[in-house]
Amino acid sequence: MRVTLADNPRLDYLRDKTQKLSTSPGCYIMKNKSGTIIYIGKAKHLKNRVSSYFRDVDHLPKVAKMVSNVYDYDFIVTDSEYEALVLESSLIKQHQPKYNILLKDDKGYTYIKVSNEDYPRITREMQKKGDGTFIGPYTSGLTSSRTVDEVNRVFMLPTCKRVFPRDFGKERPCLNYQIKKCIGLCRGCFTKEDYRKIINEAVSYIKSGSAQSVEDLTKEMERASENLEFERAAMLRDRIAAIKRAAETQKIFEKNLPDTDIIALAQNGLQSCISVLIYRGGKLTDKTDFFLGEITDEEAVREEFLMQYYDRGVKIPKDIYIDFELSGAEIIERYLKEKSGHAVKIHVAKRGEMLSLTKMAKSNALEHLSLNLGRTGKELAALEELGKLIGLGKTPLYIECYDISNLASSDMVGGMVVLENARPNKKAYKKFNIKTVYEQNDYACMQEVLRRRFENYLDPECEDEGFKTLPDLIFLDGGKGHVASVTPVVNSLGINVPIFGLVKDNRHHTRAIVAPDGSEITITKSRAVFSLLTRLQDEVHRYTITFQTKKHLAKMYETELTSIKGVGKVKAQALLTRFKTKEALKNASVEDIAAVMKISFEKAAEVKERFVDEIK
């Protein structure tokens, strides 16, 4: 059931209270009937921000649900927007309101363990158990696993189940030694000190990254060469080459990249996800993802995320790259500087390597979002790109598309198809027999279809979910004439849904979107949007023409049937309703035809002989 502001009986009281609210910056604290805090926000201008919740506008479902539960609110005036930001962060941490973004620490951290043995092993562990040194925690199990695999491969550390020094020389070296994936510790050729040095280098590689490791190992290789330790110099040379190969294949070798977090958001209308790529010492050391649910204001969500994320005790780097300009970036930088004790700069990459890494973070967010929603990252990216291309301000989750089909002025029909999360929702498709238009007029037919569709939406007795869902976006199979004729009809019903047209080229391929002002928006430069809309336009055309063809054939068959003496319109329709296809009617027995039409076997035999044989 759709939640609206009218569901809140305290709405008049809340609006009246808001009119008297201060215009200063501060925090507002929404409470339900029991006095529980359900939402906390900050504002540069308290009156304007709080009053926006109680206006008669189309809020997203999550916001509408929150507002419907507001019984009263408190507020705290501050001297500056910065103080409001700090206060909001503190209050959210203290009360954890239901409708705020909450970043919980229950994700199941992993660790990298260096065992406390004469000949240590480096492994990935789910918990801090056993004797040894632990590196972490890592929020991404995949990151910790790949790091352990990589360091064991680069430094050729043993991963077998043999126990050292107990098993020195007891068996021949395994296959990993033969293919140069292990240094062959089992041969007993390494002292504790020599092996410990390799482990220290591996730990340094994990902590400081590829660039520093290469630099340190290069210096050591040069010293070994000067001391005529050619075998050791060759081993170090091979290790440096292995680190560089790992860096090239896994995008972890960022030579000039200081400690940096890269943060990007992806959304699809119902859900949103933020991914954080964590670079330390020039190396991608960790990655974490947060599902945030519905969002109404991308900028506000990013600001709230930054405050909550860095309030969790994670290390705050000097550089943070995000995928969206923040008007409040300076006050967040000030807060993070005071919290970390060093300067912090929030950047938005425009070009080069950092833009590529920001796109990589966004791709990660899209992929995690797609897994959660059962969609591919490409599908969600196409919807997001479509929303930005036509200036919606949000990603369209639920899209309807309409088409009209007829044979001259007969058998006029309309079809509605639905894309939900970038895929057809065939249960929501609708067919319309045109009832008020008697001569060929696509504009008038489209007006009737859209009017009837939204009259059903507004009808409180209508229980059809396909009609009761308000779309985020409407496409019409047609140009600016269709858009211009339909938009006033929809608006007259009080429906506020953006309406666009889809036009084809002379080869019947989708070529552009027609905007409400009649201008065309090209889609050929965006392969994802072009593919999505081509499939949508082809689907609505297929669905509508199929319906029109079936209607025409049914009418033709009905005429054939009623020409038989003793068969009227009711009996003809009963037969066509029961046997929907020509093939089914051909295969029907005389007994079946008699039972459906409620006629004698003799008359049924005549129907089969005179009609079924005629339509072979």
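Is there a residue being more than 30 Å from residue 61 (Cα to Cα), touching a Lys or Arg at 6+ places or on another chain (Cβ under 8 Å) and assigned by TED's automatic domain parsing to the domain that holds residue 416 anywhere in the stretch 506-517?
yes
What's the number of the condition residue 405 fails, among (1) modelled with pLDDT under 90; (2) under 17 Å from the mean Cα position of the chain (by Cα)?
For residue 405, the exception is condition (2).
Report yes if residue 388 is under 24 Å from the mean Cα position of the chain (by Cα) and over 25 Å from residue 522 (Cβ atoms), otherwise no.
So residue 388 fails the test.
Would you list the strands (runs of 3 or more DSSP E) that sit entirely within the stretch 69-155 and hold 3 or more residues that are modelled with pLDDT under 80?
132-138
Within the stretch 178-199, can one find any residue that is more than 20 Å from residue 235 (Cβ to Cβ) and either assigned by TED's automatic domain parsing to the domain that holds residue 289 or not in a loop (DSSP other than H, G, I, E, B) (or both)?
Taking every residue of the stretch 178-199 in turn, none turns out to be more than 20 Å from residue 235 (Cβ to Cβ) and either assigned by TED's automatic domain parsing to the domain that holds residue 289 or not in a loop (DSSP other than H, G, I, E, B) (or both).
Yes/no matrix, rows are residues, columns are (1) among the acidic types (Asp, Glu); (2) part of a helix (DSSP H, G or I):
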position: 161; (1), (2): no, no
position: 173; (1), (2): no, no
position: 216; (1), (2): yes, yes
position: 221; (1), (2): no, yes
position: 235; (1), (2): no, yes
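Can you spot a residue in the stretch 311-328 that is assigned to a helix (DSSP H, G or I), in the same structural domain as residue 282 (by TED's automatic domain parsing) and buried (at least 18 other Cβ atoms within 10 Å of the Cβ)?
Within the stretch 311-328, none of the residues are assigned to a helix (DSSP H, G or I), in the same structural domain as residue 282 (by TED's automatic domain parsing) and buried (at least 18 other Cβ atoms within 10 Å of the Cβ).
Please go through the stretch 329-360 and give me each residue that is part of a loop (DSSP other than H, G, I, E, B) and either on the phi > 0 side of the Ramachandran plot or crowded, with 18+ Cβ neighbours inside 10 Å (or both), ordered by number.
Passing the criteria: 341, 344.
Within the stretch 92-103, is there a residue that is exposed (fewer than 15 other Cβ atoms within 10 Å of the Cβ) and either touching a helix residue (DSSP H, G or I) at 6+ places or on another chain (Cβ under 7 Å) or over 20 Å from residue 307 (Cβ atoms) (or both)?
No: the stretch 92-103 contains no residue that is exposed (fewer than 15 other Cβ atoms within 10 Å of the Cβ) and either touching a helix residue (DSSP H, G or I) at 6+ places or on another chain (Cβ under 7 Å) or over 20 Å from residue 307 (Cβ atoms) (or both).
Condition check ((1) outside any helix (DSSP H, G or I); (2) over 26 Å from residue 521 (Cβ atoms)) across all residues:
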position: 436; (1), (2): yes, yes
position: 440; (1), (2): yes, yes
position: 443; (1), (2): no, no
position: 447; (1), (2): no, no
position: 454; (1), (2): no, no
position: 463; (1), (2): yes, yes
position: 476; (1), (2): yes, no
position: 486; (1), (2): no, no
position: 501; (1), (2): yes, no
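Of the numbered conditions (1) among the hydrophobic types (A, V, I, L, M, F, W, C); (2) modelled with pLDDT under 70; (3) within 36 Å of the chain's Cα centre (by Cα), residue 262 fails exactly one; give the number of that condition.
Only one criterion is unmet by residue 262, namely (2).
Looking at the stretch 43-59, which of the residues that are assigned to a loop (DSSP other than H, G, I, E, B) and crowded, with 19+ Cβ neighbours inside 10 Å is farthest from the chain's Cα centre (by Cα)?
Selected residue: 54.
Could you list all residues from the stretch 124-134 that are touching a Phe, Trp or Tyr at 6+ places or on another chain (Cβ under 9 Å) and surrounded by fewer than 16 Cβ atoms within 10 Å (Cβ to Cβ)?
126, 127, 128, 134
Just give me the residues in the stretch 418-470 being of a type in the set (Phe, Trp, Tyr) and within 20 Å of residue 498 (Cα to Cα), in sequence order.
Result: 429, 443, 454, 457, 467.
Can you pull out every residue in the stretch 286-308 that is more than 17 Å from the chain's Cα centre (by Cα) and under 15 Å from residue 138 (Cα atoms)?
Passing the criteria: 286, 287.
Please enumerate the residues belonging to the stretch 521-538 that are outside any helix (DSSP H, G or I) and either out of contact with any helix residue (DSSP H, G or I) (no Cβ under 8 Å at 6 or more places or on another chain) or outside the structural domain of residue 479 (by TED's automatic domain parsing) (or both).
Listed by number, the residues that qualify are 522, 525.
Report, ordered by the first and then the second residue, all pairs with beta carbons closer than 6 Å, sequence separation of six or more or different chains, a first member in the stretch 412-441 that is touching a residue at least 24 places away in the same chain (Cβ under 8 Å), and a second member that is in a loop (DSSP other than H, G, I, E, B) and among the polar types (S, T, N, Q).
418/425; 439/409; 440/409
The values are calculated or read from the model by the stated rules, or taken from the named source; none is laboratory data. Remember, predicted model here, so these are calculated numbers, not experimental data. Cβ atoms come from the backbone with ideal geometry, glycine included; neighbour counts cover every protein chain shown.
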